[in-house]
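J.: What follows is a structure written as structure tokens; I'll ask about it next.
The values are calculated or read from the model by the stated rules, or taken from the named source; none is laboratory data. Note that the structure is predicted; figures quoted are calculated from it, not measured. Because the Cβ atoms are built from the backbone with ideal geometry, glycine has one as well, and the counts that use them run over all protein chains shown.
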Amino acid sequence: MGPLYPSAMAPETAPETAPSALDEYAEQNDLELTRMNGFDDCIAGLVNRFGQPTIVCYDLQKVLAKLQADGMTREEAEEWFEFNMIGAWVGEGTPCFLDTTSLATCAPPAPAAS
């Protein structure tokens, strides 16, 4: 079963509009990028992997904030994300999600000022 959020992991099928910079880059580099409809403003970048297709990477915090802006609580947004987004495998081009908040907990402490 596909995701319940309106076509979240479906290939982008918006009406004809001016191509975005990402669309132009994908066309110039012959890339087929799977994107979540309505979440282009949450894209962190592209991920290149050896022997695998380039994929879109989303900023997890921006995705969760967008779900909350659509009326979900933080808990509902996290649950929706876990089940319907990160849990939606749509093939080798399935996007990934970067959680920048976890970097703060993994980073070594800054050196003390002398």
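J.: Enumerate the pairs (first residue in the range 51-63 and in contact (Cβ under 8 Å) with a residue 40 or more places away in the chain; second residue anywhere and part of a strand (DSSP E or B) and charged (D, E, K, R)) with beta-carbon separation below 8 Å, excluding pairs fewer than 6 apart on the same chain, so at least 6 apart or on different chains.
T.: Note: pairs meeting the criteria are ILE55/ARG49.
J.: I've got another one for you. Would you say VAL90 is at pLDDT 95 or above, surrounded by 11 or more Cβ atoms within 10 Å (Cβ to Cβ) and among the aliphatic types (A, V, I, L, M)?
T.: Criteria not met by VAL90.
J.: What are the pairs, 6+ residues apart or on separate chains, where a residue within the range 93-114 that is over 22 Å from PHE50 (Cα atoms) and assigned to a loop (DSSP other than H, G, I, E, B) has its Cβ under 8 Å from a residue that is modelled with pLDDT of 75 or more and of a type in the set (D, E, K, R)?
T.: Partner pairs satisfying both residue conditions: THR100/ASP59.
J.: For residues that are within 10 Å of the chain's Cα centre (by Cα) and either farther than 23 Å from SER20 by Cβ or assigned to a strand (DSSP E or B) (or both), tally how many sit in the range 30-81.
T.: The total comes to 9.
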